[in-house]
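Data first, discussion second: the structure below is written as structure tokens.
The values are calculated or read from the model by the stated rules, or taken from the named source; none is laboratory data. These numbers were taken from a predicted model, which means no experiment stands behind them. Only protein heavy atoms, including side chains, enter the accessible area calculation; ligands, DNA and RNA are left aside. Shrake-Rupley method; radii C 1.70, N 1.55, O 1.52, S 1.80 Å.
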Amino acid sequence: MKILVVDDEQDLCEILQYNLETEGYEVDIAYSAEEVLKMHPETYDLLLLDVMMGAMSGFQLARELKAKPETAEVPVIFITALDSTDDIIKGLNLGADDYISKPLNLSEVKARVRAVLRRTANRENKEERQNDNVVSYESLVLDLSAKTVALDGERLQFTKLEFELLTLFLQHPGKLFDRESLLAKCWPANTVVLDRTVDVNIARMRKKLGKYGKHIKARFGYGYTFEK
């Protein structure tokens, strides 16, 4: 985990750097908000940010970072002597994840750092799990949990068989499936159906998919594939 400590007090920066490095973090230091903007802040997992600095305050820096897509999700903990309720609310409204008042208790700082990084990791893991449940191609989106198909944000009415067929195609673009494979993978076991049944279901699905129907290609004598 990479942490950037930002404060115009050199001694405090070095104390925080030492204590956080003993916790196993990789820690860099910046002595001004302007310096941070030259250090690729998007590469850090957390910013410990003083409020009262030089020309640009910590509040101003946080506002600028939160406005940029590449840095909007970088967690920020304000560390400052400004401890009024209004200051705390202002910091949190800017998107800060926590607010620690000076003078610092180093044990508290380390505990809050661990808590913020843990929350961030949990949020990222949840997003990854959600992404695992979605299969998409451009504006065609399949939700594998809800078993829904959407095209340009509009829900399509798909049967279970059509959903299973489309899922298979989107999960394996470019792969050629013969009719026997499609029957085995998408139809219930021990169900007796004709090869023609596959063709009928795919033709119906193509029609529902509109502009994306043409991506399901027939290879005569071989089967079907989804081409991007």
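A full extension of the chain between Ile15 and Lys214 corresponds to an added length of 65.4 nm, given 0.36 nm per residue minus the alpha carbon distance.
Our summary gives the chain a relative contact order of 11 percent, counting only alpha carbon pairs under 8 angstrom and 6 or more residues apart. Over the Cα atoms of the range 138-228, the radius of gyration divided by the Kirkwood radius equals 0.94; this is the Rg/Rh ratio. When only Cα pairs below 8 angstrom with a gap of at least 6 residues are kept, the range 51-163 shows a relative contact order of 15 percent.
Could you work out the relative contact order of the range 189-228? I mean the mean sequence separation of Cα pairs under 8 Å and 6+ apart, divided by the number of residues, in percent. Relative contact order here is 22 percent. Pairwise Cα separations in the chain fall into 5 Å bins from 0 onward with the following percentages, short to long: 1, 6, 12, 14, 11, 7, 5, 5, 6, 8, 8, 7, 5, 3, 1, 0.
The helix-only estimate of mean residue ellipticity at 222 nm for the chain, built from DSSP H runs of length n ≥ 4 each weighted as -39500 (n - 2.57), is -13000 deg cm²/dmol after division by the residue total. Surface composition of the chain: carbon plus sulfur atoms contribute 49% of the solvent-accessible area (1.4 Å probe, protein chains only, all chains present). Per residue, how much accessible surface does the range 158-206 expose to a 1.4 Å probe? Answer in Å², no decimals. About 56 Å² of surface per residue is accessible.
Comparing Val116, Val193, Val51 in a Gaussian network model of the chain, where Cα atoms under 10 Å apart are tied by springs, the biggest mean-square fluctuation is seen for Val193.
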